[in-house]
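Participant: One structure, as structure tokens, below. Some questions next.
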Amino acid sequence: MTPQAAHAGAILTVDLAAVRSNYRLLRQQAGKATVGAAVKANAYGLGADKVGPTLAAEGCRHFFVAHLDEGIALRPQLPATAEIFVLHGAPPATERELIAHGLTPVLNSLQQIEAWHALAHSLERPLPAIFQVDTGMSRMGLPATEAEAWLANPAFMKSIPPRFLMSHLACAEHQSHPMNASQLARFQSWRQRLPHIPASLANSSGIFLGADFQFDLVRPGAALYGIAPVAGVANPLQPVVALHGRIIQCRTIQRGEHVGYGISYSATEERRIATIGVGYADGWLRSMSNRGIAFIDGQPTPMVGTVSMDSITLDVSGIASERLQAGASVELIGPHRPLDDVARLAGSIGYEILTDLGRRYHREYIGG
Ligand SMILES: Cc1ncc(COP(=O)(O)O)c(C=O)c1O
């Protein structure tokens, strides 16, 4: 164990070989569509500086970040042939910075279109962009009236040529949800008016909705990082993260004694309690208080008591005492406890668990 690993309360392992294998599986699944990658939010908390180059080495050339600064940080990590698209577009008056850093905006409003057009005009050269149309999520993208205004002005097509026409699905993980067909129909009607422009609709789950949803470019994030793309169906992707905490100390409590803040757990008989150095400050959500199971040498141990800022407590009464030494490893996310199961117990989703993963963990990248 390295000194840094020995200092940390927990070790987060990120398997880059699994990211690569997931990318390949998505490529098979996506048929003729090119497979890009959503690496926003620091590649969902896993490290865009590691995940980005790993995917670039697999041939990925279309990367999506949310913010301008994420794009600026990612640019030096990727080959010059890789395109980086900024999903939120340029914040007002920052358009030139996108050019300076080789980034392409996703234009979501007429205001963003006009600003990008004005820059193209002043630089006297075309500036490509992705155009996002809203097909029912009412979150990002041109509402119908603004999309009409864009199409009505031929100057825009010339000065800011569309790289892709894009939209985003709201309910794709639920394959029979009527919203999928409704969004597809709306997207296709925009596309019919722009038949020569490549199109992009699907996120991870959208890829699994079938060929009709795949168009020219798909934009998976979650599936690359091992999150199940289809609700209620076995996950075909490889797990990418594992989290192992460590025992700080153990004690025996008697019937009627309590554990943790708010004494939300009380023993009904003698119990052995282990304290682990992972808490809500590390992204172990407080909603997991008195819920969940960790594993010690493959054996389940229930979590008891309230999640503290820096620690959680386990009932380890069923574990042999020689396995409960200070420093012993405890599986919090791993082969016995998949990420999606942890998320379900927390009343959350794998995306939130990943993006909350703590900065205090020692991170080990394997398979790079
Ligand atoms: C516009 C857009 N495209 C693609 C993605 C990737 O989605 P997922 O992680 O579900 O594959 C996201 C993520 O939220 C997104 O906002």
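Participant: Tell me the per residue accessible area of the range 2-76 using a 1.4 Å probe; a whole number in Å² is fine.
Facilitator: That works out to 38 Å² for each residue.
Participant: Could I ask something else about it? What distance in nm lies between label points placed 7 Å from Cα along the C-beta direction at M179 and I99?
Facilitator: Here the modelled spin labels are 3.8 nm apart.
Participant: Amide H of L107: which non-local residues (sequence gap of 5 or more, or other chain) have their own amide H closer than 5 Å, using H built in the peptide plane?
Facilitator: Hits under the 5 Å cutoff: I130, F131, Q132.
Participant: Same structure, new question: Toward the positive end of the charge dipole of the chain, about the Cα centre and with charges on Cβ (Lys, Arg +1; Asp, Glu -1), which of A211, P76, V19 goes farthest?
Facilitator: The Cα lying farthest towards the positive end belongs to A211.
Participant: Once both axes come from the Cα atoms, what is the angle between helix 110-123 and the longest principal axis of the chain, in degrees from 0 to 90, rounded to 10?
Facilitator: Orientation of helix 110-123: about 60 degrees from the principal axis.
Participant: Ignoring everything but the protein chains, give the 1.4 Å probe accessible area of M140 in square angstrom, nearest 10.
Facilitator: Counting only protein heavy atoms, M140 exposes about 50 Å² to solvent.
Participant: Rounded, prolate or oblate: which fits the range 170-210 when a ≥ b ≥ c are the square roots of the eigenvalues of the alpha-carbon gyration tensor, with rounded for a/c under 1.5 and prolate only if a/b beats b/c?
Facilitator: Oblate, since a/c reaches 1.5 and b/c is not below a/b.
Participant: Which angle from 0 to 90°, rounded to the nearest 10, does the C-alpha axis of helix 178-193 make with the longest principal axis of the chain?
Facilitator: So the inclination is approximately 30 degrees.
Participant: For the range 284-323, report the convex hull volume of the alpha-carbon atoms normalised per residue, in Å³, without decimals.
Facilitator: Cα-based convex hull of the range 284-323, divided per residue, equals 71 Å³.
Participant: Could you tally the net charge around G298, taking each other residue with its Cβ under 14 Å from the Cβ of G298, Lys/Arg +1 and Asp/Glu -1?
Facilitator: Net of charged neighbours comes to 0.
Participant: Might you work out the accessible area of Y265 for me, using a 1.4 Å probe with all protein chains in place, and round it to the nearest 10 Å²?
Facilitator: Only protein atoms counted, so the area is about 40 Å².
Participant: Sticking with the crude label model, points 7 Å out along Cα→Cβ, report the distance from D356 to E124 in nm, one decimal please.
Facilitator: In this crude spin-label approximation the distance works out to 5.5 nm.
Participant: Then there is this: Can you work out the PRE-style zone for S348? Point 7 Å along Cα to Cβ, and I want the residues of the range 42-71 with backbone N under 20 Å.
Facilitator: Within reach of a label on S348: 42-48, 66.
Participant: Continuing with the same structure: If each residue of separation counts as 0.36 nm, what is the full-extension length gain between I366 and A144 once their alpha-carbon separation is subtracted?
Facilitator: 75.3 nm
Participant: In terms of solvent-accessible area of protein heavy atoms at a 1.4 angstrom probe, what is the ranking of T355, T135, T268, highest value first?
Facilitator: T268, T355, T135
Participant: Taking N as the number of residues in the range 148-263, what is its Cα Rg relative to 2.2 N^0.38 Å?
Facilitator: 1.75
Participant: Quick check: net charge around N203, other residues with Cβ under 12 Å of its Cβ, Lys/Arg +1 and Asp/Glu -1?
Facilitator: Summing Lys and Arg as +1 and Asp and Glu as -1 gives +1.
Participant: What is the distance in Å between the Cα centres of the range 83-100 and the range 272-317?
Facilitator: Result: 42 Å between the Cα centres.
Participant: In terms of the ratio Rg/(2.2 N^0.38 Å) built on C-alpha atoms, what value belongs to the range 1-157?
Facilitator: 1.22
Participant: Let me ask something else. Nearest 20 debye, what's the magnitude of the dipole of the chain about its Cα centre given +1 on Lys and Arg Cβ and -1 on Asp and Glu Cβ?
Facilitator: In total the dipole reaches around 380 debye.
Participant: Which value, in Å² and to the nearest 10, is the accessible area of F164 when all protein chains are kept and the probe is 1.4 Å?
Facilitator: Accessible area of F164: about 10 Å².
Participant: While we're here: Mind grabbing the base-10 log of I(q)/I(0) for the chain at q = 0.09, 0.12, 0.15 Å⁻¹? Debye formula, identical points on the C-alpha positions, no solvent, two decimal places.
Facilitator: Computed log10 I(q)/I(0) values: -0.59, -0.91, -1.21.
Participant: Classify the range 10-88 from the C-alpha gyration tensor, please: rounded if a/c falls under 1.5, else prolate or oblate depending on whether a/b exceeds b/c.
Facilitator: Oblate, because a/c is 1.5 or more while a/b does not exceed b/c.
Participant: Picking from F131, F215, F63, which is most flexible by a Gaussian network model of the chain using Cα springs under 10 Å?
Facilitator: F215
Participant: While we're here: Carbon and sulfur together cover what percent of the accessible area of the chain at a 1.4 Å probe radius?
Facilitator: That fraction is 52 percent.
Participant: Using alpha-carbon pairs under 8 Å, 6+ residues apart, how would you state the relative contact order of the chain in percent?
Facilitator: 19 percent
The values are calculated or read from the model by the stated rules, or taken from the named source; none is laboratory data. Please read all numbers here as calculations on a predicted model, not as lab measurements. Here the Cβ is made from the backbone with ideal geometry for all residues, glycine too, and neighbour counts use every protein chain on show. To get the accessible areas, we keep the full protein, side chains included, count just its heavy atoms, and leave off ligands, DNA and RNA. Shrake-Rupley method; radii C 1.70, N 1.55, O 1.52, S 1.80 Å.
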